[in-house]
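**Q** Have a look at this one before I ask anything.
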Amino acid sequence: MSALTSLAKALAVYSMAPQRLTVFRHLYISSTPIVIVPLTLAGETNAPLAAMVGSDRARPNLIVTRQPRERAERLNFAGRLASELLFPIETAAQRTQATSSGPNARVRVVDAPQIWVPNPAGVEFVRTLGRMTRLRQTEGPWAVPKKVRELGIWLTWFAEQAEFADTGALIAATRAVAAVWATGQSDLEDGNLAAQIAWLDPPEGMDVASAVSRAEDPQLCPPAGPATDPTFDRLFLEPALRDLATARTPAAHRAVHQRLTAMLEEQMRPTWELVWTAIGLLADVPEAPRVPKRWEQQRDRFTSFHRYVADGGRPQAKRDNAGRSAHRLAELEQRKAAFEAQRAYDDPLVIADHRLTGEAFSGQVVKVDATRRVPGLRRSVLRPLVLVATGDHIHFDVGQHVYDPARNGQQAVIESVAETEDGWRVALELQNRMGSGQTAKPGSVPALGEDVTYTSVTETFVRRRPWPAREETPWTHGGPAPDSAPAVEDAAEDWS
Amino acid sequence: MSSIAIARGRGFEAKVKADGCAELLRLLREHIRLPVAEVHYHDLNPTDTDDRITSRLRRSQRALQAAVESDEPTGTLFDHPILQLTVNGVQVRIEPDLIAFKLGNQFFVVEIKSFAILDGAADSGKVAAAAQQSAVYVLAMREMLQTAGLDPDMVSDHVVLVCPKDFSNQPVAELLDVRKQLATLKRQLNRMESVESILRLLPPDLTFDLRLDDAGQPTRDPQELATAIFQVTARYSPECLGACELGGVCRSEARGTVAVLGRVVREDLGGVDSIKEAVELATGLREPDAGQRQAAELLRRAYDMREAALGAAR
Ligand code: SF4
């Protein structure tokens with residue numbers, strides 16, 4: 001968190017109204033999001049009870065397990081979820097376009113699927129269900145339908161994508177909302193989707209305070225799952241499950257199951273609506289300029305993973321080997337840094353945050369030498385000098401590199417820093433993005449009197465040495481990892 | 001907690017403890033690699049509903065100490081002992097849901113938990129909580145040995161954690177190093193202010209007694225109890241909501257203070273206590289007093305930048 005965020009929270013309490021944390025939305029929002037609201041049985045490791053899923057707010061598809069404690073029924077549940085999810089994944093994969101018209105063009109999907117769950121625990125559900133299903137065999141003992149294993153591979157991929165800061169693949173609604181608005185409650189309370197949305201969109205005619213206390217009553221607003229409300233468990237779910245286990249005839253079983261379905265639907269429906277409300281609220285926030293480019297990269301990732309799966313790719317291993325962990329860690333860091341920089345370049349509120357922490361400054365150009373040249377290796381090179389007067393505290397050192405968000409990250413080197421009566425004077429030498437001519441491209445050098453911002457936050461990153469190939473993983477890191485083929489042992493894995 | 005989860009947790013524990021802890025012994029042998037041949041099983045559960053905690057405590061102490069003094073090579077399991085820990089000179093009895101296991105001249109605390117270990121990893125928050133809890137038991141057992149003039153270091157600083165494996169209810173056992181938690185706990189106990197000095201700050205007639213009748217029903221007027229509770233200032237933080245039953249009460253008492261937004265926000269706002277004050281310092285409606293200058297300057301700068309950025313976007 002930062003002082004700016006904390007101040008926004010205080011302002012939210014003071015005014016009893018949510019406060020914006022960013023001017024733009026930095027998340028891509030699909031025009032056909034897929035929403036999943038999952039519920040699991042308490043006390044078990046991922047025993048799915050029910051899920052509401054689909055892309056049509058008015059017509060959710062309801063999947064209710066026939067007996068959450070039975071292994072076969074859990075796989076059955078996965079099979080039904082597979083039918084709901086693999087179809088939009090396949091549909092998206094079929095619609096492709098060329099990345100360019102040149103000879104090196106690749107193929108990219110026109111749009112990639114985007115999955116929404118209510119909260120981070122929903123992401124965990126996706127990850128665990130993926131783990132539970134991807135390592136099954138499709139032949140031999142304990143065989144599962146092919147689609148169940150494929151669902152497992154995809155859910156695992158989505159859950160892995162969700163770890164990246166810039167992800168648009170699998171989104172927890174509470175997190176997406178908290179990235180844009182500060183409410184007047186703590187992060188912990190914001191983790192309750194109903195309480196969070198109560199700040200942003202209280203029911204007709206209700207003030208925020210009453211809306212929040214209503215949202216905190218599990219009887220009126222059931223928890224967003226996957227864990228169910230303990231009172232609901234005791235009063236309704238437990239008796240229904242008992243009846244389900246003791247039902248003697250198919251007709252009796254059907255009757256109990258209908259009752260179970262109705263009560264679970266009642267528990268999920270409010271959350272389903274809340275997730276759609278969250279998507280709607282976010283969609284109304286103007287999209288940041290760099291979002292489409294990032295989504296393009298996400299479409300590339302989806303395209304290539306789909307090809308991997310279509311080519312019969314193996315399911316992800318239970319645990320990453322050394323090589324893959326290192327790769328992932330590097331990618332996590334790199335994508336996080338790039339996302340942070342892109343947000344800062346796009347969003348005046350985000351850059352303000354960096355100004356407060358001394359990673360950026362804004363000021364006015366008081367002197368420019370746009371035609372300055374310095375001797376280069378073979379001939380002299382253009383290196384304009386800009387003097388900026390600023391009221392921000394300067395924590396930069398001479399020689400440090402900073403970048404201009406307004407000029408697509410144009411690099412400058414700090415030549416000198418001097419404190420004056422009314423602030424600071426910073427002299428900068430511009431390094432690039434001025435074209436290849438004798439003089440600078442119009443607009444590429446700030447003009448006298450222009451308001452400018454420079455920051456040390458940068459998108460460009462230093463590429464590390466390439467990692468060794470899997471076959472060359474050193475013995476210190478466990479040596480080359482074996483393939484993760486589904487084993488009979490996994491298929492027979494003990495479930496309660 | 002959900003009744004369904006509790007039932008499942010009980011079932012799991014029963015499974016591990018069935019037949020004189022046969023399953024647990026297998027785990028200790030196969031997963032922890034302890035050379036256990038045969039064991040005595042010592043049941044310290046209450047014998048009936050009248051079994052008083054003090055007599056159970058005495059029984060537990062006797063059994064554990066006797067085990068130390070006899071140096072039989074066989075292992076001994078103590079199911080559900082009562083322990084005691086000195087907190088600020090006051091002896092607090094604890095009734096941990098645990099098994100103490102003695103092998104050779106070492107005691108191990110065994111904790112049975114119902115969260116799963118999936119592919120060798122478990123929810124880090126739950127593991128941390130289990131480690132913290134076990135550390136209390138280790139310390140209490142050490143204290144007991146010490147009081148009896150025995151070597152406290154006989155109690156291992158590694159506890160045995162038994163959890164369901166993956167998606168099953170098959171147990172697995174892992175050794176959990178609780179040295180860090182022990183050190184923290186000791187530090188906290190040492191730093192704790194004595195209860196007497198805290199009590200001196202409160203009205204002498206203050207009580208939270210529920211005035212239970214013979215049937216165990218509270219008879220105290222709720223309104224009067226609430227008044228008593230409000231005489232003690234809440235030290236609320238959002239974490240209270242998940243940990244304490246008074247969470248909602250203390251939160252409403254703390255309304256309007258920065259504490260309701262969490263510790264980080266409090267630090268970010270320079271330690272200003274009241275939300276109204278923080279906002280007024282930020283907007284310039286209030287002059288900072290001497291101790292607030294620095295915080296006020298940061299708040300003002302933040303507020304101005306926020307307004308400028310939002311204004312430019314409007
Ligand atoms: S909620 Fe509980 S822990 Fe928190 S301040 Fe109140 S009494 Fe103390």
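**Q** Once you order the gyration tensor axes a ≥ b ≥ c over the Cα atoms, which shape class does segment B:256-313 get: rounded for a/c under 1.5, otherwise prolate or oblate by comparing a/b with b/c? Don't skip to the end; give the middle numbers.
**A** Details: a/c = 1.99, a/b = 1.35, b/c = 1.47.
Cα axes put segment B:256-313 in the oblate bin.
**Q** Where the centre of each part is set by its Cα atoms, how far does segment A:349-392 sit from segment A:177-205, in angstrom?
**A** 40
**Q** Starting from segment A:214-312, pick out the trypsin sites (Lys or Arg not before Pro) whose DSSP state is loop and whose Cβ has at most 12 other Cβ atoms within 10 Å.
**A** Hits after loop and neighbour filter: A:Arg248.
**Q** Can I ask one more? Please check: in the Gaussian network model of chain B (C-alpha springs, under 10 Å), which one of B:Leu199, B:Leu285, B:Leu44 has the largest mean-square fluctuation.
**A** Most flexible of the set in this elastic network: B:Leu285.
**Q** Of the accessible area of the protein assembly as shown, with the probe set at 1.4 angstrom, what percent is carbon plus sulfur?
**A** 52
**Q** Gaussian network model of chain B, Cα springs within a sub-10 Å range: biggest mean-square fluctuation belongs to which of B:Leu103, B:Leu34, B:Leu212?
**A** Residue with maximal mean-square fluctuation among B:Leu103, B:Leu34, B:Leu212: B:Leu212.
**Q** Counting only GluC sites (Glu not before Pro) that sit in a DSSP loop (anything but H, G, I, E, B) with at most 10 other Cβ atoms within 10 Å, what is the longest stretch of chain B containing none of them?
**A** It works out to B:39-192.
**Q** According to a simple spin-label model (label point 7 Å from Cα along Cα-to-Cβ), what is the distance in nm between A:Arg433 and A:Gln400?
**A** For the pair A:Gln400/A:Arg433, the computed spacing is 1.9 nm.
**Q** Continuing with this model, one more query. Within segment B:185-284, which trypsin sites (Lys or Arg not before Pro) sit in a loop by DSSP and count at most 13 neighbouring Cβ atoms inside 10 Å?
**A** Numbers: sites: B:Lys186, B:Arg187, B:Arg191, B:Arg200, B:Arg211, B:Arg220, B:Arg235, B:Arg251, B:Arg255, B:Arg263, B:Arg266, B:Lys276; in loops: B:Arg200, B:Arg211, B:Arg220, B:Arg235, B:Arg255.
Sites meeting the loop and neighbour criteria: B:Arg200, B:Arg211, B:Arg235, B:Arg255.
**Q** Still on this structure: Between B:Gly20, B:Gly149, B:Gly75, where does the largest GNM mean-square fluctuation fall for chain B, given springs only between Cα atoms within less than 10 Å?
**A** B:Gly149
**Q** B plus A alone minus the pair: what accessible area, both sides summed, probe 1.4 Å, in Å² to 100?
**A** So the total buried area for this chain pair works out to about 4000 Å².
**Q** Residues of segment B:233-251 with accessible area at least 20 Å² lower in the all-protein-chain context than alone (1.4 Å probe)?
**A** Correct list: B:Pro238, B:Leu241, B:Arg251.
**Q** Ignoring ligands, DNA and RNA, what accessible area per residue does segment B:245-300 give at 1.4 Å, in Å²?
**A** 55
**Q** Then there's this: For B:Leu145, what charge total do you get from the other residues with a beta carbon under 14 Å from its beta carbon, if Lys and Arg give +1 and Asp and Glu give -1?
**A** Numbers: positive: B:Arg62, B:Lys102, B:Arg142; negative: B:Glu69, B:Glu143, B:Asp151, B:Asp153, B:Asp157.
Charge balance in the 14 Å sphere: -2.
**Q** Here's another thing I want to ask about it. Could you put B:His40, A:His253, A:His354, A:His395 in order of accessible surface area, largest first, with the 1.4 Å probe and the full protein assembly present?
**A** A:His395, B:His40, A:His253, A:His354
**Q** First select every other residue whose beta carbon is under 10 angstrom from the beta carbon of A:Ser362; then total the charges, Lys and Arg +1, Asp and Glu -1.
**A** Numbers: positive: A:Arg355; negative: A:Asp392, A:Asp451.
Every neighbour counted, the sum reads -1.
**Q** Around A:Asn432, what is the net charge, scoring Lys/Arg as +1 and Asp/Glu as -1 over all other residues with Cβ under 13 Å from its Cβ?
**A** Summing Lys and Arg as +1 and Asp and Glu as -1 gives +2.
**Q** Can you pull the one-decimal nm distance between simple spin-label points at B:Asp289 and A:Leu188, each 7 Å off the Cα toward Cβ?
**A** 2.9
**Q** Would you please give the FRET efficiency between B:Asp273 and A:Ser83, computed as 1/(1 + (r/R0)^6) with r the Cβ-Cβ distance and R0 = 51 Å, to the nearest 0.05?
**A** E(calc), rounded to 0.05, equals 0.35.
The values are calculated or read from the model by the stated rules, or taken from the named source; none is laboratory data. None of these values were measured; they are calculated from a predicted model. All Cβ positions, glycine included, derive from the backbone under ideal geometry; neighbour counts span all protein chains shown. Ligands, DNA and RNA are stripped out before the accessible areas are found, and what is left, the full protein with its side chains, is counted by its heavy atoms. Shrake-Rupley method; radii C 1.70, N 1.55, O 1.52, S 1.80 Å.
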